[in-house]
Amino acid sequence: MPPLRPPRERATITLAPRTATVAAECDVLVVGGGPAGLGAAIGAADAGADVILVERHGFLGGNATAALVMPLMSFHTQRGPAPPGATADLMPHDHGPGEPVVQGVLRRLLGRLEASGGCLRASQQTGFVVPFDPEVLKLVALDLLDEAGVRVLLHALATDVVGAPRPDGVVFETKSGPIVIMARAIVDGTGDGDVAALAGAPFDVGRDGDGLVQPMTLMFRMVEFERTAFAAYRQAHPDQWRGVHGLWELVREASRAGELALAREDILFFGTPHERELSVNSTRVTGVRGTSVWDLTRAEWQARRQMRQIAAFLRKRVPGFERSYVVQSGVTIGVRESRRVTGEYRLTAEDILGARKWDDVIARGTYPIDIHNPQGKGTLLMRLPAGESYDIPLRCLVPQRVDRLAVAGRCISGTHEAHSSYRVMPIAMATGQAAGVCAALAARAGKALRDVAARDVQAALRRQGAVL
């Protein structure tokens, strides 16, 4: 049967009034346990705040673990082409060693992952991405929050706020009924800007003109991959692989034979910390929004069928995959783009490609503008100048028309084009750390987040190891 679709006639019923249990109070409430939320919670706690983090899943990590978005993309400046002899056969090694521009909480996370054998260090051999094990990341995230003294609630979905447009609490749906957590300041790390939207903050969705967003992707892990056999195929067919993209001719052949029906022209996958495993990023569902339950259902429906096609294609046509199989798919499909909350400043493509600097910088990025075609095949990639990074100002984290709330991660204020760069997880963690620090300072002083001085946020971030 096809997935349920929205009714043509939107009949409504009136629900009975209800009460919710006030479960806790805190200085800073962080909604969302992904990279942005983890950065926010630890940043706020290190700044002296009493912090509660609430996550809708039963584990932490957000898209890194729930959607298997792996690896962590590069957070280093580019120094030109890779030197001769680079050996990263499954990584994007198209730049030489550069400066890491995200540190702070990210550095702590990576240090723990490395010590646990849960990731490979960013290097020339990895293309300066960080391949990681999502199961290890779940455990490391718990350890970091425990050590920071952050209280955690899982299995709770944010559905409303108390006191908009100056919210001092968030309503969560749980198996124990509706609960409310009160806070002096709130950080929205939901990715979709759910809490900010509920509080009345303005936002945009999609690109100017038609409102279309980047496609969704269900990522999955394949094991029993024979690296040596695949490397021999690459050597014999150098025109069929470039970085982490390739197999164009095989994809065309399989498409003509009716084996593949994808809205993309190549196969994209990454190595992991495990020798015989790959992370596959090749499903693509267009015309869907992450804020619609109907679209999410359809996207999951389509993407899992695409996953089955891709796995069969790899086993049949690509040397090295003959005995491979899917060992895990994302708990949920990966959403690249949904709401972008309108802040005191809106970051643009010109800011990114021009490596613009700001007096109120609270995070930096180097990732290129990377737009997966909202309508089908093709990806637009535009890189920063060699050696450069761009600044993200504090104003991008402060929504218009709303007090007591900051946004972090991919829902911060920017254009569709700029979003395609700052959406990646290392930058999301950096903006989360800044939002958490700002929220902690606001809660301590009893003031609105927009009234916190950028220099105070910057000073606290530097004490926490951030590089600005």
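The values are calculated or read from the model by the stated rules, or taken from the named source; none is laboratory data. Fair warning: this is a prediction, and the values are worked out from it, not measured in the lab. A quick note on method: Cβ atoms are made from the backbone with ideal geometry, for glycine too, and the neighbour counts reach across all protein chains shown. The protein model used for the area step is the full one, side chains on, heavy atoms only, and it has no ligands, DNA or RNA in it. Shrake-Rupley method; radii C 1.70, N 1.55, O 1.52, S 1.80 Å.
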Once normalised by the length of the chain, the mean sequence separation of its alpha carbon contacts under 8 Å that are 6 or more apart gives a contact order in percent of 24
Expressed in square angstrom to the nearest 10, the accessible area of Leu139 with a 1.4 Å probe stands at 110
For His237, the accessible surface traced by a 1.4 Å probe with all protein chains present amounts, in square angstrom to the nearest 10, to 80
Given unit charges at Cβ for Lys, Arg (+) and Asp, Glu (-), the dipole magnitude of the chain about its Cα centre in debye, nearest 20, is 620
For segment 268-367 the mean separation of alpha carbon contacts under 8 Å (6+ apart) over residue count, i.e. relative contact order in percent, is 18
Per its Cα gyration tensor (rounded if a/c is under 1.5, else prolate when a/b beats b/c, else oblate), segment 260-382 is best filed as prolate
Mean 1/r over distinct Cα pairs of segment 126-202, inverted to a Kirkwood Rh in Å, yields 14.7
To the nearest Å², the heavy-atom accessible area per residue of the chain with 1.4 Å probe amounts to 40
At the level of C-alpha centres, the distance separating segment 387-408 and segment 128-175, in angstrom, is 20
Reported to the nearest 10 Å², Trp358 has, with a 1.4 Å probe, an accessible area equal to 40
Binned at 10 Å starting from 0, the alpha-carbon pair-distance distribution of segment 357-468 in whole percents comes out as 14, 44, 28, 11, 2, 0
With a 1.4 angstrom probe the carbon and sulfur portion of accessible area for the chain, in percent, totals 51
Applying the gyration tensor rule to the Cα atoms of segment 94-161 (axes a ≥ b ≥ c; rounded if a/c under 1.5, else prolate if a/b exceeds b/c, else oblate), the class is prolate
Here the membrane-span-like helices of the chain, with no claim about any membrane, defined by DSSP H, Cα axial extent at least 20 Å and mean Kyte-Doolittle at least -0.5, are 134-148, 425-445
Reduced to Cα centres, the span from segment 254-283 to segment 1-42 in Å works out to 33
Percent relative contact order for segment 419-468, counting Cα pairs under 8 Å at least six residues apart, stands at 29
Accessible-area order for Glu9, Glu135, largest to smallest, probe 1.4 angstrom, reads Glu9, Glu135
